[in-house]
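Asker: Here it is: the structure, laid out below.
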Amino acid sequence: MLGHLASADLWAQGVAGAMAQPAAAPAPLWVVLSERNAAQEEALRVLRGGTALPLQAGLWSDWAQWEQMGSGAALMLLGARALAAWAQRQPPLLPAVPWVAGLLSQSAWAGLPAAVRNQAHAAWLDQPLPRLAELLRLALPDRSRVGVLFGPATRAWRAPLHEALQQRQWQMQSAQLHESDGPAELFTALSRVLDGSEALLLLPDNQVVQPSQFQNLLIAAYRQRLPVVSFSQAHVRAGATMGLFTTPTQAAQHMLDLLRHAQQPGARLRQQWAAQFELAINEPVARSLNLQLPSVAMLAGALMQRSGAPEGATR
């Protein structure tokens, strides 16, 4: 009996000693930011609150500490600059670590080397093209012709957007801008697509939506009494009629969803358009155009119900 008691006592001491040992800290989630701005900080706060992993974050230029990322649990890259820098530098020890890119456009993503695109899960900021077409159908049911300008960044969207619009009985009046085109070419093309159109749809392309020319673009559409549908809340504040856009919080939540997927054994690669959206309407502009638009709540609810889940590549 004493022998059994002694053995039990030693076992208890061993367990107590093991419990006293500090547990190994879990591997961190590394987050690389493109810059310190409100959008990236907002996304970072969501990422911190959405994972149980300890989080280490810093700017893309702080490569001295990124050498430690091989010991991380996963990697997230916020914005095109961080992703481009990662594409140029990528340490060879990291391809096995799940990594997710976000807060960047689909066109910026498409411009990256295939070797990078074939490894990362991605949550694009851009709305799915069928969702844009569905917004036009729901908000402007008595219209059927929309003008669209495409630039170098959105050239590949032309055919799928035309198909999405056609499926909803909308006709697309379009023109293509090139990298060398300036304001004169922009407004020549704009005049051409506005003629015969009943709305103007703006896509996230810097060749088309030039900050220095944006007000002139709005004025040109307003003179023809055409509503402007944009991808930016700031554009709605500036005078666009409607905007369909993704917030940094929504983008970060999408990234967390992709991370949870990526951490599953045998997870297939996912690269997706925006999962969620916000809708804004400039009521004074809508009234000035004599538009009877549904409320934001009604329009957003119908749009989410009919546009469904995010689309994108899965491999």
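The values are calculated or read from the model by the stated rules, or taken from the named source; none is laboratory data. These figures come from a predicted structure and were not determined experimentally. So basically every Cβ, Gly included, is an ideal-geometry build from the backbone, and we count neighbours across all protein chains shown. When the accessible area is computed, the model is the full protein with side chains, heavy atoms only, and any ligands, DNA or RNA have been set aside. Shrake-Rupley method; radii C 1.70, N 1.55, O 1.52, S 1.80 Å.
Asker: Relative contact order (percent) for segment 228-283, with alpha-carbon contacts under 8 angstrom and 6 or more residues of separation?
Answerer: Reported as a whole number, the value is 43 percent.
Asker: Quantify, in whole percent, the carbon and sulfur part of the accessible surface of segment 177-302 (1.4 Å probe; protein heavy atoms only).
Answerer: Working: 2850 of 5730 Å².
Its accessible area is 50 percent carbon and sulfur atoms.
Asker: Give me the distance between the Cα centres of segment 97-118 and segment 244-308, rounded to whole Å.
Answerer: Here the two parts' Cα centres lie 20 Å apart.
Asker: So, one more: How big is the C-alpha Rg of segment 187-237 next to the rule-of-thumb value 2.2 N^0.38 Å, as a ratio?
Answerer: Dividing the Cα radius of gyration by 2.2 N^0.38 Å gives 1.04.
Asker: Describe numerically, in nm with one decimal, the distance between label points set 7 Å from Cα along Cα→Cβ at M304 and at D195.
Answerer: With each label placed 7 Å out from Cα toward Cβ, I get 4.3 nm.
Asker: Relative contact order of segment 144-303, please, whole-number percent, based on alpha carbon pairs below 8 angstrom and at least 6 residues apart.
Answerer: Computed over segment 144-303, the figure is 19 percent.
Asker: Nearest 5 percent is fine: what portion of the DSSP beta bridges confined to segment 177-315 is antiparallel?
Answerer: That works out to approximately 65 percent antiparallel.
Asker: Note the full-extension length gain between A156 and R260 as 0.36 nm times their separation in residues minus their Cα-Cα distance, in nm to one decimal.
Answerer: 34.4 nm
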